[in-house]
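S.K.: Quick one: structure below, then a few questions.
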Amino acid sequence: MEDTDTTNTAATSPSNVTQPSSPTPQTRSNIVQDKLVVYFKNAGGAAALKQKKFKLQSNLSFQNVTEKLRTQLKLKSNESLFLFVNQVFQPSPDETLGELFKCFSHNDQLIINYSDLPAWG
């Protein structure tokens, strides 16, 4: 009777090979999308936007977001505008929306509060 070694064939049989799977909920949050939902909330005396939700590119800097919001609000260059993420802090101008979204998004949107006065922080 011939002696065959089955230990190696079991390790390479198709039923034991792991296939790539879709991201788990834990790893899915680490994936940064190309476009993100950003929700703008006004505070203090700042004018409210007619459209509050925008889909913006994840690679935009926070400075670009500030400039776009200033344009939407039709603010003059001498008028103040303060932006806060989740009513807590002002990100640095070079921070990207993707990184902020990855760390501070809630219900698949990044909430940015804005005011004409330094309301939080």
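S.K.: Suppose each label sits 7 Å from its Cα in the direction of the beta carbon; what would the Leu117-Val88 distance come out to in nanometres?
M.R.: 2.4
S.K.: Taking other Cβ within 10 Å of each residue's Cβ, how do Tyr39, Tyr114 sort, fewest first?
M.R.: Exposure proxy ranking, most exposed first: Tyr39, Tyr114.
S.K.: Taking other Cβ within 10 Å of each residue's Cβ, how do Asp108, Asp116 sort, fewest first? Working shown, then result.
M.R.: Values: Asp108 9, Asp116 17.
Starting with the residue having the fewest Cβ neighbours, the order is Asp108, Asp116.
S.K.: Straight-line reach from Lys76: which lysines fall under 24 Å, measuring Cα to Cα and dropping same-chain residues less than 8 apart?
M.R.: Output for Lys76: Lys41, Lys50, Lys52, Lys53, Lys68.
S.K.: Between Leu75 and Lys50, how many nm apart are label points set 7 Å from Cα along the C-beta direction?
M.R.: 2.0
S.K.: Around Gln109, with a cut-off of 12 angstrom between Cβ atoms, what is the net charge of the other residues, counting Lys and Arg +1 and Asp and Glu -1?
M.R.: Net charge around Gln109: +4.
Taken together, the values in this text are just the output of simple stated rules run on the coordinates, not laboratory data. From a predicted model like this one, the values you see are computed outputs, not experimental measurements. For neighbour counting, all protein chains shown are included, and Cβ atoms are generated from backbone atoms with ideal geometry for every residue, glycine included.
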